[in-house]
Amino acid sequence: MTTQNAATRASHSARAAVTAAERVNDAPDAATTEEGVQQQHAPDPVTAALRATTPRQAAPAEEGTPVPDPAPAEEGTPVPGSACVGEGALVPNPALAEEGTVVPDPASAGEGTSVPDPAPAEEGDEHTPDAAPKAERAKDARDAVAARRGGVYEAPRSPAPRPGRAALKLALIPVLSVLLATLCVASAGIGAVHVPFDEVLAALVQPGEHQILWQIRFPRVTLAVLVGAALAVAGAGMQGVFGNPLAEPGVIGVASGAAVGAVGAIVLGVSAFGDWSVAVSAFATGLITTFIVYGMARSQGRTEVVTLVLTGVAINAIAWAIVGIFTFMADDQQLRSITFWNLGTLGGATWPVVAAVTPFIAAGLILTPLLSRSFDLLALGERGARHLGVDTERVRLAAIFLASLLTGASVAAAGAIAFVGLVVPHLIRLLAGPGHRILLPASALAGGCVLLLADLLARTVVVPAELPIGVLTALLGGPFFLVLLRRTRGEQGGWA
């Protein structure tokens, strides 16, 4: 048997030499190797004798050597590796070779290279690839996590959808509209002088009657609705463009800038615009401060949200320091005016004031909802919004300008009123979701309702005195906001 194996190996080596010599003659590239040059110029004498009797077989190709396509075998020619191979024919099938037999790999092994058996490895072999299903591997990972936590793994559950959310969205704006109309009638009839509700409704039809309503109550109610709607929409716009639930109109410096203008006009006795000097100064300085913040935050043709917010914080600190200096310089009468203006009041509401601020507030209330789709896409992140076709820089500039317009007009007419622009958008977002198509108009209606209710309480709690409306909104809005925050964090882990 050993002699037969040795003869088989010798026959195989001879045929390999024959085929290599033929490749040297057929393929010019093979002549560049050292073995090809030797075989081309000094052929083996045994090759000629074996060429006529031995079937041709492809020799193992070295790496990088082009292998020609095997020619079709003639009829009757034994095929290596088949079942009809006669005795003594070379069988290159590695699975049929005896143990220890040198088997060349036709793909990559050179002559004399021992090729391992490519049969499937038995179970437990360290070279066997991991054939476990993905489900089993995932289960092992979950078990490992559970073991580290000391408990049983539970798959995370998405929060269950709130029942009736779709119906609430459809009914929210009509309900708020009815509530706003009801509060308007109630606020006009309740006060130091009580007016029956039927007379309030009759006065709407007969403008010449009930002078107390047309000269005092109706201007105040109208201004409260305008200011509340303006502050709420401005806050919703700032939260949408910054993607931050803590954003409000004061972030961009418009409120502090307006305070500088109003307090400066009071202390310095500016009278260029007559009775409108304080309001005009507050409106102008609020807009100027906003554009200063935006200009300082802008770099290389774009603004970053973090830089914009931090710049606004710095400008707010500087503005309130200037307000403190003016307050230190003021006399007693001026201090009283400054205090009431800083705390917010609707006591100076007249029809001329309403007519002056209505164009600015109306423009902001009409134009801001046009950015609803851009605000919704900005919730995906600035990069994602740009990929979806949103010009983030233009949207941010438009939103900041409209928010400063709304807030500047409101502060100029009613002073600094806190928490309306922060709490109202959150309340609507919890009821109707984060979509700005409903959020913005609903915030306008809800802002009017909140400020009407706050003004009604401010006029009736300490009759005949009147509380500053900004103090009341802060007292009511602060605890209410904390309750909402705690409730939402417990249910959803954050804001909806």
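The values are calculated or read from the model by the stated rules, or taken from the named source; none is laboratory data. For clarity, every value in this text was computed on a predicted model and none was experimentally measured. Every residue, glycine among them, receives a Cβ derived from its backbone with ideal geometry; neighbour counts consider all protein chains shown.
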Go through (1) farther than 21 Å from residue 281 by Cβ; (2) surrounded by fewer than 23 Cβ atoms within 10 Å (Cβ to Cβ); (3) in contact with a Leu (Cβ under 7 Å, 6 or more places away or on another chain) one by one and return the number of the condition residue 358 breaks. (1)
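Return the total of residues in region 349-362 being within 18 Å of residue 445 (Cβ to Cβ) and not β-branched (Val, Ile, Thr).
So the first thing to find is which residues in region 349-362 are within 18 Å of residue 445 (Cβ to Cβ), and the list is 358, 361-362.
Of the ones still in play, those that are also not β-branched (Val, Ile, Thr) are 362.
Total satisfying the criteria: 1.
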For region 311-332, does any single residue satisfy the condition of being out of contact with any strand residue (DSSP E or B) (no Cβ under 6 Å at 6 or more places or on another chain) and not in a helix (DSSP H, G or I)? yes
Regarding residue 375, is this residue surrounded by fewer than 23 Cβ atoms within 10 Å (Cβ to Cβ), in contact with a helix residue (DSSP H, G or I) (Cβ under 8 Å, 6 or more places away or on another chain), assigned by TED's automatic domain parsing to the domain that holds residue 258 and modelled with pLDDT of 90 or more? no
Going through region 177-198 one residue at a time, which ones are more than 25 Å from residue 467 (Cβ to Cβ) and in contact (Cβ under 8 Å) with a residue 12 or more places away in the chain? 177
Per-region count, region 229-246, residues crowded, with 24+ Cβ neighbours inside 10 Å, under 15 Å from the mean Cα position of the chain (by Cα) and not polar (S, T, N, Q): 2
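Name the one entry in 226, 201, 213, 287 that is surrounded by 24 or more Cβ atoms within 10 Å (Cβ to Cβ) and part of a helix (DSSP H, G or I).
Numbers: 201 fails: surrounded by 24 or more Cβ atoms within 10 Å (Cβ to Cβ); 213 fails: surrounded by 24 or more Cβ atoms within 10 Å (Cβ to Cβ); 287 fails: surrounded by 24 or more Cβ atoms within 10 Å (Cβ to Cβ).
Criteria check complete, one pass: 226.
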Taking region 332-341 as the region of interest, how many residues are under 22 Å from residue 420 (Cβ atoms) and surrounded by fewer than 19 Cβ atoms within 10 Å (Cβ to Cβ)? 2
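State yes or no: is residue 308 among the hydrophobic types (A, V, I, L, M, F, W, C), surrounded by 16 or more Cβ atoms within 10 Å (Cβ to Cβ) and outside any helix (DSSP H, G or I)? Give the steps one after another, and end with the answer.
Working: among the hydrophobic types (A, V, I, L, M, F, W, C): yes; surrounded by 16 or more Cβ atoms within 10 Å (Cβ to Cβ): yes; outside any helix (DSSP H, G or I): no.
No; evaluated as a whole, the condition is false for this residue.
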Among residues belonging to region 426-475 that are modelled with pLDDT of 90 or more, of a type outside the set (A, V, I, L, M) and touching a Leu at 6+ places or on another chain (Cβ under 7 Å), point out the one that is nearest to residue 343 (Cα to Cα). 455
Looking at region 380-398, is at least one residue modelled with pLDDT under 90, more than 22 Å from residue 287 (Cβ to Cβ) and either outside the structural domain of residue 253 (by TED's automatic domain parsing) or touching a Phe, Trp or Tyr at 6+ places or on another chain (Cβ under 6 Å) (or both)? no
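Could you pull out the residue among 430, 485, 456 that is under 30 Å from residue 195 (Cα atoms) and among the aliphatic types (A, V, I, L, M)? Break it down into steps so the answer makes sense when it comes.
Values: 430 fails: under 30 Å from residue 195 (Cα atoms); 485 fails: under 30 Å from residue 195 (Cα atoms).
Answer to the check: 456.
Could you go through region 291-300 and let me know if any residue there is exposed (fewer than 14 other Cβ atoms within 10 Å of the Cβ), assigned to a helix (DSSP H, G or I) and at negative phi.
So the first thing to find is which residues in region 291-300 are exposed (fewer than 14 other Cβ atoms within 10 Å of the Cβ), and the list is 295, 299-300.
Remaining after also requiring assigned to a helix (DSSP H, G or I): 295.
Subset that is at negative phi: 295.
Yes: one or more hits.
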Could you tell me whether region 367-384 includes any residue that is over 28 Å from residue 217 (Cα atoms), touching a strand residue (DSSP E or B) at 6+ places or on another chain (Cβ under 9 Å), among the β-branched types (Val, Ile, Thr) and touching a residue at least 12 places away in the same chain (Cβ under 8 Å)? no
